[in-house]
Amino acid sequence: MTDDTWGTIRQDLLKTVGQNNFKTWIEPVNFSELKDGVATFHVPTNFIGNYVSQNYGDLILHQMNQNGADVQRMQFKVATKTSAHRPAPAASVKKVSAAAAPAVAAATESNDAGMTGAPLDARFTFDSFVVGKPNELANAAARRVGEGGPVTFNPLFLYGGVGLGKTHLMHAIAWELQAQRPDLNVLYLSAEQFMYRFVQALRDRKMMDFKELFRSVDVLMVDDVQFIAGKDSTQEEFFHTFNALVDQNKQIIISADRAPGEIKDLEDRIKSRLQCGLVVDLHPTDYELRLGILQNKVDTYREQYPELQLQDGVLEFLAHRISTNVRVLEGALTRLFAFASLVGREITMELTQDCLSDVLRASERKVSVEEIQRKVAEHYNIRLSDMIGPKRVRTFARPRQVAMYLCKQLTSRSLPEIGRRFGGRDHTTVMHGVRRIEELRNSDGQIAEDLELLRRTLEA
């Protein structure tokens, strides 16, 4: 049997098993030789050889005999360095490189960056990620990992609220690794998929295959790890997988909606392991970052709606009014462009308010100044009268500035109105307090932590 014959057989197998299964299991298999009725194949790992033998062995044997090869049985050998670089037959399915990612469908059906991982979204690359102060550190850390160099921090733990860019960065890392280090075996999947495969392996009594698969990767990426909290058996397996990869100096990247220590029902030993690397918070977006995201989206939509006119001030209005979730912000812009295109009108402020009335109502800030003052006073264990009163000692002044900052961020009150609620202070005093807290948020970890905790409490 020749390589050409094997190429023909691969084409027949592609039609039979489907592209997903072919890409995952058949494509890595290379024909070596046929001797005394025994067909020998090279495979990257024992796991793949065992899986193909158990699940596709009879089918491959049938196809080979159908194509004139006298084969009695097959054997699979792990490829040596020499055989691992043997060129695949021309019939193999071509891989999609990261450089060509934007040209493929919005969500690829199969993921080349991971042997059996979740699909990657071709839109989620570093080039399309808008960087601002709230996500600057997370972006820098993700880019460093994406270079595929020596492991400097392990794991990289990204956390933040809904729609702040965690999944975007995870996908971007996978695409970048595929471009920079195609030799690495990168596995990206959600925590839910990890749990599903673990349960499936238990049910099918294939735990050794499961362990070998997850311990043979070079880079493991698990999205939304909070979903394994409370699942004792899954946590146990995740813990051992984590330790095995760290011991081999393999890179691990994790994302969650909160810091490791705040994930309820997650085992302490797992929290401890997750905190031993670089833990990066994607802060809620500020006005400048939201405006940048909108401008980036408009540039993309221009190709789809070249004739559409956008009135000045609309993007600034949306960036100010829709502040909690980037997905909602992008969805609002998508709806606005589609509506304006269908009715053939310019996107004006009036059209924006009519078209997005429900979104704008849902995004209205409902937190009151009084509630913010009360929560801040409780948090810093001071009397409300002291925080609002005239005393300027730091014990009261810093909480007062924090409360002013939160009033500016979480309510629609003007600076003079906020000043009046704080003992009749001038709007310049409020402005100074807001600026001071903005500076401290970037330099003082305790202030940043207090702000995040208070914001979550108030918005809950």
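The values are calculated or read from the model by the stated rules, or taken from the named source; none is laboratory data. The structure presented is a predicted model; accordingly, all values stated were derived computationally and were not measured. Every residue, glycine among them, receives a Cβ derived from its backbone with ideal geometry; neighbour counts consider all protein chains shown. In case anyone asks, the SASA skips ligands and DNA or RNA and just uses the protein heavy atoms, side chains included. Shrake-Rupley method; radii C 1.70, N 1.55, O 1.52, S 1.80 Å.
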Residue pairs meeting the criteria (Cβ under 6 Å; at least 6 apart or on separate chains; first closer than 13 Å to residue 62 by Cα and of a type outside the set (A, V, I, L, M, F, W, C), in the stretch 1-19; second open to solvent by less than 80 Å² (accessible area, probe 1.4 Å) and in a helix (DSSP H, G or I)): 12/63
For the structure I just gave you, tell me whether residue 118 is farther than 24 Å from residue 216 by Cα, assigned to a loop (DSSP other than H, G, I, E, B) and at pLDDT below 85. no
Complete set of residues in the stretch 306-325 that are open to solvent by 30 Å² or more (accessible area, probe 1.4 Å), out of contact with any Phe, Trp or Tyr (no Cβ under 9 Å at 6 or more places or on another chain) and assigned to a helix (DSSP H, G or I): 317, 321
Name the pairs: first residue in the stretch 56-70 and open to solvent by less than 70 Å² (accessible area, probe 1.4 Å), second residue of a type in the set (S, T, N, Q) and modelled with pLDDT under 85, Cβ to Cβ under 6 Å, at least 6 apart or on different chains? 67/5
Apart from one, (1) assigned to a helix (DSSP H, G or I); (2) modelled with pLDDT of 85 or more all hold for residue 303; the odd one out is (2)
Residues in the stretch 289-297: is at least one surrounded by fewer than 19 Cβ atoms within 10 Å (Cβ to Cβ), at pLDDT below 85 and under 24 Å from residue 357 (Cβ atoms)? no
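Which count do you get for residues in the stretch 1-54 that are part of a loop (DSSP other than H, G, I, E, B) and over 39 Å from the mean Cα position of the chain (by Cα)?
The total comes to 4.
What's the total number of residues in the stretch 172-222 that are in a loop (DSSP other than H, G, I, E, B) and open to solvent by 10 Å² or more (accessible area, probe 1.4 Å)? Full working, then the answer.
We begin by selecting, within the stretch 172-222, every residue in a loop (DSSP other than H, G, I, E, B); these are 181-185, 205-206, 216-218.
Subsequent filtering for residues that are open to solvent by 10 Å² or more (accessible area, probe 1.4 Å) retains 181-185, 205-206, 216, 218.
Of the residues in the stretch 172-222, 9 are in a loop (DSSP other than H, G, I, E, B) and open to solvent by 10 Å² or more (accessible area, probe 1.4 Å).
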Scope the stretch 252-284; condition in a strand (DSSP E or B) and open to solvent by 20 Å² or more (accessible area, probe 1.4 Å); matching residues: 278, 279, 281
Which ones in the stretch 333-384 are open to solvent by less than 40 Å² (accessible area, probe 1.4 Å), outside any helix (DSSP H, G or I) and either of a type in the set (Val, Ile, Thr) or over 26 Å from residue 299 (Cβ atoms) (or both)? 347, 348, 367, 382
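Results for (1) small (Gly, Ala, Ser); (2) closer than 24 Å to residue 137 by Cα; (3) touching a strand residue (DSSP E or B) at 6+ places or on another chain (Cβ under 7 Å), shown as yes or no for each residue.
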{"residue": "255", "(1), (2), (3)": "yes, yes, yes"}
{"residue": "260", "(1), (2), (3)": "no, yes, yes"}
{"residue": "276", "(1), (2), (3)": "no, yes, no"}
{"residue": "285", "(1), (2), (3)": "no, yes, no"}
{"residue": "291", "(1), (2), (3)": "no, yes, no"}
{"residue": "302", "(1), (2), (3)": "no, no, no"}
{"residue": "305", "(1), (2), (3)": "no, no, no"}
As an exercise: evaluate residue 393 against (1) aliphatic (A, V, I, L, M); (2) touching a Lys or Arg at 6+ places or on another chain (Cβ under 7 Å); (3) open to solvent by 60 Å² or more (accessible area, probe 1.4 Å) and give the number of the one condition it does not meet. (2)
Only one of these is under 24 Å from residue 287 (Cβ atoms), of a type outside the set (A, V, I, L, M, F, W, C) and in contact with a strand residue (DSSP E or B) (Cβ under 8 Å, 6 or more places away or on another chain): 452, 439, 417. Name it. 452
Neighbours by Cβ (under 6 Å, 6+ apart or cross-chain): first from the stretch 263-284, without any contact (Cβ under 8 Å) to a residue 60 or more places away in the chain; second aliphatic (A, V, I, L, M) and open to solvent by less than 40 Å² (accessible area, probe 1.4 Å): 263/229; 265/229; 266/229
Can you give me the number of residues within the stretch 129-146 that are open to solvent by 40 Å² or more (accessible area, probe 1.4 Å) and either within 15 Å of the chain's Cα centre (by Cα) or at pLDDT 85 or above (or both)? 6
